[in-house]
Structure formats: C-alpha cells, structure tokens
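Chemist: One structure, pasted below without further comment.
The values are calculated or read from the model by the stated rules, or taken from the named source; none is laboratory data. Values in this document were obtained by computation on a predicted structure and should not be read as measured data. Glycine also receives a Cβ, built like all others from the backbone with ideal geometry; neighbour counts cover every protein chain displayed.
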Amino acid sequence: MDKITGSEALLRTLIAEGVECVFGYPGGQAIPIYDILYDYKDKLRHVLVRHEQGATHAAQGYARVSGKVGVALVTSGPGATNTITGIADAMLDSTPMVVVTGQVPSPLLGTDAFQEVDVMGITLPITKWAYQVRHAGDVAWAVSRAFYIASTGRPGPVVIDVAKDAQLELVDYSYEPVNFIRSYQPWPDLNHERIEEAAELINNAERPFALVGQGVTLSGAEEELKCFLDRADVPAASTMLGLSAMPSDYRLNKGMLGMHGNIGPNRKTNECDVLIAVGMRFDDRVTGNLNTYAKQAKIIHLDIDNSEFDKNVKVDVKVLGDAKASLREITKLLKPATHKEWIASFTPDEEEEYEKVIKKELCPGDAVLRMGEVVRKVSEATGNKAVLVTDVGQNQMMGVRYFKYSQTRSVITSGGLGTMGFGLPASIGAKIGAPGRTVCLFVGDGGLQMTLQELGTIMQEKLDIKIILLNNNYLGMVRQWQELFFHKRYSCTNMENPDFIPIAKAFRIGAREIWKREELEHAIKEMLDYEGTFLLVAHVEENGKVYPMVPAGGSITEMLY
Amino acid sequence: MNTENKTLFTIIIFSENMVGLLNQITIIFTRRQLNIETLFVSPSTIAGVHKFTITTFADEATIEKLVKQLDKRVDILKAYYNTDEELAEQEMNNILLTIKPKSNGND
C-alpha cells in the first residue's frame, strides 16, 4: 500500500463521507491540506469565504437546506477563533457541521507558538464533540467519527483540530466508516408504555394542541407529523426553526409560537387540555414566563435528547426517541377524531391579528414602505416556493412571519444564538446546498454590514442569491425595545449607512433601491428576473415595530399589538 | 458558597479514556455555578473505562439536569447521582453481600 500524508487522508475521508463542498480559508497551519486540495479540486469543491465566521455560517446554511453535514476548513489561531460564533450557533440550533481546524505542530503545543490557541479548550463547551489529531494514523478514524456524531441523534457541530505534523506525516490509509460508539446511543429505543400513555391522553383530549419544532425536520418526519395531526385532528403551531415542516396553507397549521408569534397559538397554549411538543425545547422565546405557561394542560414531550425533558417545563409524558418513529407509533394507537369547535376557536384570534397587526403591515394607509409588505410580496412573487434566509432582528421576525412556505427545509435563520451577520454567509451555503431553488435573503442594514465581505465570495462563486435589504438606518429590534421599554432613549442604535448600490456594483452584483410602494412590484420582478445575485435595497419605515410582541419574561397570553 | 438548604450529592461517571474529558465534565459544573467539593478519578475495573467520583452541594432538580447533561456527552458511558444516605446504605449492602457467600461456604 502506498503511504499518503495525513492531509491526503483527511481529504479522502471527507470524500468517502460524501462531502462535495467545503467552505474554508487557508492559513499557515492548514497549508499542507490546501496543497493536497490542489490535486483534489475536481472531487471536492472549495468555496473561499472572506472570513472564517462566514465559512461556518455558510456550512450551516448548506446543512440546514440539504440535511447533509456542512464542512468548514480553517487554519489555527485566529482562523479557529473566528469560527466560534458559527460553532456556538450550530450547537444551539442542532445543525450538523464538521469544522476542521489546522493546529501548530504537536511538539509546539502548549508553548504559545505562533498562531497557537487552545482550540479544544475553547470549543468543548459549544460542540457535540471535539478532538485533536496528533498522528496521521488517527485522521481517518477521527474524521469519520466526527461525521457520525455530527449527523446522528440530535445533530450538532464537531471540531477536529489537526496538528501540522499529523498533516504531513505519512500513513497507510484505510477508511472504515464509524457507525457505532459504545458510549453513544443516537437513536434511543422507544418505550411503548410511554407511547401508549401519550396516545391515551390524545385520544381523550378535547382541546389538543401540537407544538412543532425543528426536530420534525431533522428527523424527516414531515409526513408522519401530517398523518398524526390529521388522524387526531390536532391544530398545530411551530417554533421559528420548525417553520416549513408544515406548509403554510395546511388546514391545521395555525402559525408560529412565541415572542413574535401569532396570537392564536400563544393564547391556545394556555387553553388547550393536552399539549403535544414534538422536537422542540421550550425555549424562553417560545414560553415567556414559565410560571404562567400551559399550567392547565397535560404535556406530552417527544424528543430525541433526554436532557431536554423537564429542563424548562415539567412534562407529564416523556417520549424519548426519534420524532419519525415516535409519531408513527403514537399515530397507530390514535382513534380518528374531530375537534371542529376547538379548531374554529382559533379564527377570532386570527381575525383580530389580521385587523390589528397584519393589515397595518400589508396594506398601510400611508406611503411609507413596511417591512412586512416587502417580505410578503417577495414570497408571493416566488410562488411561495423559495428558501427564506434571514439575518437577526426585525428583518428576521418580519421575514419568518410574512414569508409563506410550501416545502420543508425552507427557513434558514439563526434561532438559539441570534447571530447578527448570519444571513449573508448562510445564504451562500443555502444556494450551494439547493442550487435549483430560489434563495431569498432578508437582512437589515446592521447585520449586512457585519459580514458584508462575503459579497466577495458570492462574486467569485458566481452565485444567484436574491438579497433584500430592509433598510431603516437603525438597529431596529434594539430600537423597538428602547421605544417600548426604555423611554425612547435611542442609545447607539441610529446608523449612518453607506450608499449600498455602489458597494453592490463594486462586487459586480445587480442592485436597485426603492422608497415607494409603487416601485415594489417592479423592483421584485427585476430582482427575480436578474441572472445572478441582486441586492434590492428597500427603504422602510424608520420606526417600524414587530407585533405582536410578548415582552421578555411576560406571559405568552399578554401580547402587545 | 452558601450550602444552606443544599444537599451533598455524589455523582459517579464512567467514561472513555479520552484527552479533555475532565475538562468536558467540569465546564458543565462551571456553567451552572456549582463548586466541586471533592473529585476522584481512577481507572475502573473495566479496562479502558475511567471512573469519576464527584461531590457537590446542590438541590436535586439542579443535580438531575446536571447529570443528564453529563450523560449526554458522547464519550461518557454513564452518569448518575446519589445522596450520602443512599451511598451509606449501598456500602452496607456491599459488605453484606461479600460476607454472605463466605459464611455460606463454611457452614
């Protein structure tokens, strides 16, 4: 057998694991890997980002849209520390990602060598697994184990830190996929007693209500969820990351939960008699004040992660397992039911929300553009088939509220960590992961400028992304809190912005800006017809606010609107 | 640390022998502001498996969550907890168990 270097073993293992695309940035302690990559460029696409944070967010966008593991490749020291935000983001949002970091040669470890940083120490709290490779012989095993851990059970990010001497050392290469780890059980066996208890509660429920989380998408349980809801006639609402697991126009889909969710789902959480949470983790943005959350209901929690049970909300029935299998087994035991009156009771809330919130956002009386109407018009112009990518803040809440979804894996947004700057690089990964789909990014003027340099990546890769900048010259979400809760003291939220059109032009990206409603439809058409990436700058209402809103720590039934 | 209204719990962890495992364990305590009172690490009776014995003052709800977080780590085989009283009882049982066969054999 011919000996190969650890670097080549790394690339061969990535290919063996089915990797087609790597987002990365070379540097001193990754040069041997990049040198071998030169010979492998027809087998492995490398997307050169403009900052390592962008590599992780792009890998996240790629993973979220495709269901495959996203891969980032960076150098040691600053290269590695720049990936931290993306790794933490992927950890909180259960995104399968493998980050390969270069590291100083192992004899120099612990000597404060040039560009040395304790990658293991820094990343352990924010990874599902982290491992340092010091011998070329460990490369294939560690990388394969990384993919197994990242993609199975509750997915998450894994870091593989490869010392430079391990990259250069020669090794007899043999690849054996890791598909068993004795200390790790990714898919727990179902407990049929719990399944029966859950089914019995649902069968006897008069006002059942389901909460749909990203777990449904991650487990590919969209169809099982629909069968389950249809059979027992259970209305459902989703968390932000769970959006698009059910199509927007599905009769039992009652919208989104939480701080900026829909009025009906929030109120009904505190009126239902049985609450069925599927693959969601009762985040504080979903529950509001826990002391007033669903106290009247029996709660059934389906999750693959045992540590989520009773973490925030005490539940009555814990169904540990993969959502797909759990839903299928519970559905088998369900009696067909109808809950006509209960489902109809959502309608007054929907009408109230339309009258007091949605109408003002979609058909305002004055001339100023609203964020919501821009989002809805773009969604409609794509036939509600596009992938929605958002940044964080008002653009995100308006994006997820007013966009419509017709297929799964259509929402790419930073949920748990709330990372401003996520949007632009994530849209790069989303487009590469779903080249056949239209990708629409909604971003604010603050977040766009956090990772603006990734326009260079878009230019080099000749991607086709539709970027809609909702520009209000403010850090809008913070401004909203300042207006509502801090006596309108707008501390450090006003932004003097550059002229974005020449910036887009400089990156050879199509661009247009609009101020008026009359321009909107035509501008959207121009953007969607344009071949390649297009930046549409929509100058929107300066003091726009996202409603309804549950103030932080408040009860979910006490919404401002 | 104010240990009033808190119980001393003993947490037992069995893990693979990997670099950084102690670090993985202690950050889970740190994040919840729990002080480790005592810590004992040794190879277990099973080759390749290490045993951690950790004591800490906390309330039971916190310990339950903490142990679940420990158990979740990929390279941890098993994590569980006991109070001091439970452990004393367990040790008594162990003594009884070891004595019994001997006396039976001699009778």
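Chemist: Would you check which residues across the stretch A:283-314 are within 14 Å of chain B (Cβ to nearest Cβ), touching an Asp or Glu at 6+ places or on another chain (Cβ under 8 Å) and either buried (at least 18 other Cβ atoms within 10 Å of the Cβ) or closer than 19 Å to A:ARG194 by Cβ (or both) and list them?
Modeler: Of everything in the stretch A:283-314, those that are within 14 Å of chain B (Cβ to nearest Cβ), touching an Asp or Glu at 6+ places or on another chain (Cβ under 8 Å) and either buried (at least 18 other Cβ atoms within 10 Å of the Cβ) or closer than 19 Å to A:ARG194 by Cβ (or both) turn out to be A:HIS301, A:ILE304, A:ASN306, A:SER307, A:PHE309, A:ASP310.
Chemist: Out of the residues in the stretch A:117-132 meeting the condition of being within 17 Å of B:GLU16 (Cα to Cα) and not in a helix (DSSP H, G or I), tell me which one is nearest to the other protein chains (Cβ to nearest Cβ).
Modeler: Among those residues, the one meeting the criterion is A:TRP129.
Chemist: Consider only pairs whose beta carbons are under 9 Å apart and that are at least six residues apart or on different chains; among these, list those whose first residue lies in the stretch A:481-508 and is over 19 Å from A:LEU463 (Cβ atoms) and whose second residue is hydroxyl-bearing (Ser, Thr, Tyr) and surrounded by 10 or more Cβ atoms within 10 Å (Cβ to Cβ).
Modeler: Pairs that qualify, where the first residue is over 19 Å from A:LEU463 (Cβ atoms) and the partner is hydroxyl-bearing (Ser, Thr, Tyr) and surrounded by 10 or more Cβ atoms within 10 Å (Cβ to Cβ), are A:GLN482/A:TYR490; A:GLN482/A:THR493; A:GLU483/A:TYR490; A:TYR490/A:TYR474; A:THR493/A:TYR474; A:ASN494/A:TYR474; A:MET495/A:TYR474.
Chemist: Of the conditions (1) more than 21 Å from A:TYR62 (Cβ to Cβ); (2) within 14 Å of chain B (Cβ to nearest Cβ); (3) in contact (Cβ under 8 Å) with a residue 60 or more places away in the chain, A:SER94 fails just one. Which one is it?
Modeler: All conditions are met except number (1).
Chemist: Now for a different question. Report whether or not A:GLU513 is in a helix (DSSP H, G or I) and either under 22 Å from A:ARG376 (Cα atoms) or modelled with pLDDT under 95 (or both).
Modeler: Considered against the rule, which asks whether it is in a helix (DSSP H, G or I) and either under 22 Å from A:ARG376 (Cα atoms) or modelled with pLDDT under 95 (or both), A:GLU513 comes out as no.
Chemist: Okay, moving on. Scan the stretch A:299-334 for residues that are touching a residue at least 40 places away in the same chain (Cβ under 8 Å) and assigned to a loop (DSSP other than H, G, I, E, B) and jot them down.
Modeler: A:ILE304, A:ASP305, A:ASP316, A:GLY321, A:ASP322, A:LEU333, A:LEU334
Chemist: Criterion first (among the β-branched types (Val, Ile, Thr) and either away from chain A (no Cβ under 14 Å) or in a helix (DSSP H, G or I) (or both)) does B:ILE63 satisfy it?
Modeler: Yes.
Chemist: In addition: Only one of A:GLY456, A:GLY393 is in contact with a helix residue (DSSP H, G or I) (Cβ under 9 Å, 6 or more places away or on another chain) and over 20 Å from A:GLY70 (Cα atoms). Can you tell me which?
Modeler: Result: A:GLY393 is the single residue among A:GLY456, A:GLY393 that is in contact with a helix residue (DSSP H, G or I) (Cβ under 9 Å, 6 or more places away or on another chain) and over 20 Å from A:GLY70 (Cα atoms).
Chemist: Would you mention how many residues in the stretch A:163-193 are within 25 Å of B:VAL74 (Cα to Cα) and either buried (at least 19 other Cβ atoms within 10 Å of the Cβ) or of a type in the set (Asp, Glu) (or both)?
Modeler: If we filter the stretch A:163-193 for residues that are within 25 Å of B:VAL74 (Cα to Cα), which is where we start, we get A:163, A:166, A:174-191.
From the residues that got through so far, the ones that are either buried (at least 19 other Cβ atoms within 10 Å of the Cβ) or of a type in the set (Asp, Glu) (or both) too are A:163, A:166, A:176, A:184, A:189.
Final tally of qualifying residues: 5.
Chemist: Select, from A:ASN191, A:ASN179, the only residue that is under 19 Å from A:ALA277 (Cα atoms) and of a type outside the set (A, V, I, L, M).
Modeler: A:ASN191
Chemist: Which ones in the stretch A:159-185 are more than 30 Å from A:GLY77 (Cβ to Cβ), touching a Ser or Thr at 6+ places or on another chain (Cβ under 9 Å) and in contact (Cβ under 8 Å) with a residue 60 or more places away in the chain?
Modeler: A:PRO177, the sole residue that qualifies.
Chemist: Quick one: count up the residues across the stretch A:514-530 that are touching a Leu at 6+ places or on another chain (Cβ under 9 Å), buried (at least 16 other Cβ atoms within 10 Å of the Cβ) and touching a residue at least 40 places away in the same chain (Cβ under 8 Å).
Modeler: Here the count works out to 5.
Chemist: Another question, if that's okay. Could you grab me the full set of residues in the stretch A:55-82 that are under 22 Å from A:ASP35 (Cα atoms), of a type outside the set (A, V, I, L, M) and buried (at least 24 other Cβ atoms within 10 Å of the Cβ)?
Modeler: Within the stretch A:55-82, A:THR56, A:GLY70, A:THR75, A:SER76, A:GLY79 qualify.
Chemist: Can you list the helices (runs of 4 or more DSSP H) lying wholly within the stretch A:368-473 that have 1 or more residues being closer than 23 Å to A:ILE84 by Cβ?
Modeler: A:394-402, A:423-433, A:445-450, A:455-461
Chemist: Would you pick out the residues in the stretch B:11-27 that are more than 9 Å from chain A (Cβ to nearest Cβ) and buried (at least 19 other Cβ atoms within 10 Å of the Cβ)?
Modeler: B:ILE11, B:ILE13, B:LEU21, B:ILE25
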